[in-house]
Amino acid sequence: MKKTFYITTPIYYPSGNPHIGHCYTTVACDTIARYKRWQGYDVMFSTGTDEHGMKIEESAKKAGKSPQEYVDEIAGRFKRLWKFMNVSYDRFIRTTDDYHKEAVQKIFKAIYDKGYIYKGEYKGKYCVPDESFWTESQLVGGKCPECGRDVIDAKEEAYFMKMRPFAEQIEKLLTETDYLQPRARVNEMVNNFIKPGLEDLCVSRTTFKWGIPVPFDPEHVVYVWIDALSNYITLLGYENGAHDDFGYWAEGAEIMHMTAKDIVRFHSIIWIAILSALDLPFPKRLYSHGWFNFEGKKMSKSLGNVVEPFVLGERYGVDCVRYQILRDMPFNGDFDYSNELMLTRINADLANNFGNLVSRTVAMIEKYFGGVLPENQLADCDADGELIALAGALSAKTDELIEIPHLSQALTEIFAVISRANKYIDETAPWLLAKDGANSPRLAAVLYNLTETVRICSSLLAPFMPETAVKVWEQIGAAPESVSYDKAGAWGTLPKNVAVKKGDIIFPRFDIEKELSELGRL
Ligand code: MSP
């Protein structure tokens, strides 16, 4: 039986259109899912939308729609964007799906029956006209952040989940395993939340209706996190008959969650408490990446700086957008997105470096060997040792980096080999070797080595840039078996005599000034 691998994006709030920030997490998960499928895992890759809550209820009202109409429309936009971005998810969950609602009610009841949920009082700052509760820290200048009016101290009956019984296990998972990446976030969680004593979590509300009713007290709806986090197991079929995939959550199974740092606390503390209360195994990895800013500011609709992924993808190509966001988001930090950086990456890395390597290699085989890959009669001659060693060792490196997952570093490693191969062309000067006669064994060896490097790099790039990889394989004549996972680390496996074929330019170069001014006018 194949080993399983389960990877999840957060389920996004359908309160506004998806933007490039959501794209980052989803495309990063897609890349890992594709890499793991290629490695031979039985992969389940999930995404979806988190559709309940007061905010959605209000946004729907403002739009003059029922909450259901409103979420249907926006969930559809998320699905369209993932299709456009070539995201190969296996399952899209919506928290308004009946099977999810049924399972959440059972989960809530099970935790209640075990004595971890109790009824208490939620105290907070209340805005009477808005009918909404706020915490002290959410207030702006002591006033309601929504309408700017005065707030009063108020309380409301609510259910709470005890967190302290789980503190020790949570701390152990965070400090003694590699669960949370990057590791810098572990101290933040332990020092800011666990050491001061975990507070009980409010898990129900009565001030809005757009949610899943508490089964034994239907005046209450389940508040946010039990509903949202449970998606990771309900979509596998936990406590419902809609799916039969709970094997992906077995003890010891490979499970990876990805989120940005905004919800790391929920995934590293609250989710673990819920799983523990349900006696379920813990996931193996949570990677919480940094924040995507737009020219220094947090990207948000109200700031008017939301980068439209459809526009970028149509103008520059989906793979170029995928590449740039995956390459430039640092592993442990935030990223200042700019269109200029995107265009510079496309020109420098994709057109000038990778695109050039492929087109020069193919053009030289066409010119000197009539388009048929020659046999490397010199096999591993010393002069080529560095390139061969680098390309041959590349897949072992990317395998490790995908586990962490450190995607930008994986791309950096692949592009280091691509740069080395371009330098190798300058060093070996095939056009001079051709003067010794078109069939010189040295020229054949050089072109063979270049094609092998392109084969290895393009197969490792395929999970990041799926459409590009196919175009490259067509040009170098690589059949599917030549780009299988077991061949990625095996130098010299592309058979001689395959026919190469120059195709269209893979990456066009852009006039950056012109593009920036046009984008500014959109
Ligand atoms: N619904 C919750 C998540 C529940 S998961 C059980 C939620 N939704 S959200 O729509 O606000 O999505 C937050 C996630 O979207 C982030 O964790 C991140 O994955 C992604 N991002 C949204 N904007 C982003 C940036 N500007 N930068 C980086 N990630 C971004 O929280």
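The values are calculated or read from the model by the stated rules, or taken from the named source; none is laboratory data. Please read all numbers here as calculations on a predicted model, not as lab measurements. Positions of Cβ are generated from backbone atoms using ideal geometry, with glycine treated the same way; all protein chains shown enter the neighbour counts. Surface areas here come from the heavy atoms of the whole protein model, side chains and all, with no ligands, DNA or RNA. Shrake-Rupley method; radii C 1.70, N 1.55, O 1.52, S 1.80 Å.
Calculate the FRET efficiency for D262 and L139 from the Cβ-Cβ distance with a Förster distance of 22 Å, rounded to the nearest 0.05.
Working: r = 19 Å, r/R0 = 0.88.
Here the calculated transfer efficiency is 0.70.
Label zone of E386 (point 7 Å out along Cα→Cβ, amide N under 15 Å): in the range 342-369 this covers no residue at all.
Once both axes come from the Cα atoms, what is the angle between helix 407-428 and the longest principal axis of the chain, in degrees from 0 to 90, rounded to 10? Helix 407-428 and the main axis of the chain meet at about 10 degrees. When the Cα atoms of the range 338-488 are aligned to their principal axes, the ranges along those axes come out at 47, 35, 27 Å in descending order. Among the GluC sites (Glu not before Pro) in the range 356-422, those located in a DSSP loop and surrounded by at most 15 other Cβ atoms within 10 Å of their own Cβ are E375. Y287 sits among other residues whose Cβ lies under 12 Å from its own Cβ, and their net charge, with Lys and Arg +1 and Asp and Glu -1, is +3.
Seen from R315, the other residues with C-beta closer than 12 Å to its C-beta sum to a net charge of -3, counting Lys and Arg as +1 and Asp and Glu as -1.
Kindly state, to the nearest 0.05, the FRET efficiency for E314 paired with S338, given R0 = 22 Å and r defined as their beta-carbon distance.
Details: r = 19 Å, r/R0 = 0.86.
Plugging the Cβ-Cβ distance into 1/(1 + (r/R0)^6) gives 0.70.
Above 30 angstrom, tally the Cα pairs of the range 4-312 and express them as a % of all pairs, no decimals. Present the calculation step by step, with values, prior to reporting the outcome.
On the way: 16056 of 47586 pairs.
Tail of the P(r) past 30 Å holds 34 percent of the pairs.
Convex hull over the alpha-carbon atoms of the chain: what's its volume per residue in Å³? Could you put the intermediate results ahead of the total?
Working: hull volume 84.2 nm³, N = 522.
Dividing the Cα hull volume of the chain by its residues yields 161 Å³.
Once the Cα atoms are used to define both axes, helix 98-113 deviates from the longest principal axis of the chain by about 60 degrees.
Given a cut-off of 29 Å, name the pairs among K36/K209; K143/K261; K155/K284; K61/K162; K125/K195 whose C-alpha atoms lie farther apart than that in the structure shown. Don't jump to the answer; show the numbers that get you there.
Working: K36/K209 41 Å; K143/K261 27 Å; K155/K284 39 Å; K61/K162 34 Å; K125/K195 26 Å.
With Cα atoms farther than 29 Å apart: K36/K209; K155/K284; K61/K162.
Annotation: K423 carries an accessible surface of approximately 110 Å², with a 1.4 Å probe and no ligand, DNA or RNA atoms counted.
Quote to one decimal, in nm, the extra length available between A479 and E157 on full extension: 0.36 nm per residue of separation minus the C-alpha distance between them.
Computed gain between A479 and E157 is 109.5 nm.
Identify the residues of the range 422-441 with backbone N under 13 Å of a label point that sits 7 angstrom from the Cα of E375 along the Cα-to-Cβ direction, or state none. Only 441 fall inside the zone, counting backbone N under 13 Å. For the range 334-350, backbone phi angles converted through the Karplus equation (6.51, -1.76, 1.60; θ = phi - 60°) give residue-by-residue couplings of 8, 9, 8, 6, 8, 5, 5, 5, 4, 5, 5, 4, 4, 5, 6, 7, 8 Hz, Gly and Pro being listed as x. In plain terms, the chain from D42 to K119 could stretch by 23.5 nm, reckoned as 0.36 nm per residue minus the Cα-Cα distance.
How large is the accessible surface per residue of the range 338-488, computed with a 1.4 Å probe and reported in Å² as a whole number?
About 36 Å² of surface per residue is accessible.
For GluC sites (Glu not before Pro), the sites in the range 163-240 that DSSP calls loop and that have at most 14 other Cβ atoms within 10 Å are E199, E219. Measuring nothing but protein heavy atoms, the accessible surface of the chain at 1.4 Å probe radius is 50 percent carbon and sulfur. About the centre of its Cα atoms, the chain shows a dipole size close to 500 debye [charges on the beta carbon of Lys, Arg (+1) and Asp, Glu (-1) only; nearest 20 debye].
For a quick check of your reading of the filter: which trypsin sites (Lys or Arg not before Pro) in the range 141-247 sit in a DSSP loop and have no more than 13 other Cβ atoms within 10 Å? When the trypsin sites (Lys or Arg not before Pro) of the range 141-247 are filtered for loop state and at most 13 Cβ neighbours within 10 Å, R149, R183, K209 remain. With viscosity set to 1.002 mPa s and temperature to 20 °C, compute the Stokes-Einstein D of the range 6-76, Rh being the Kirkwood radius across alpha carbon pairs; µm²/s, no decimals. Calculated translational D: 159 µm²/s. Ligands, DNA and RNA aside, W491 has an accessible area near 70 Å² when probed at 1.4 Å. For N356 and T206, a Förster radius of 45 Å and the Cβ-Cβ distance give a FRET efficiency of 0.10, rounded to the nearest 0.05.
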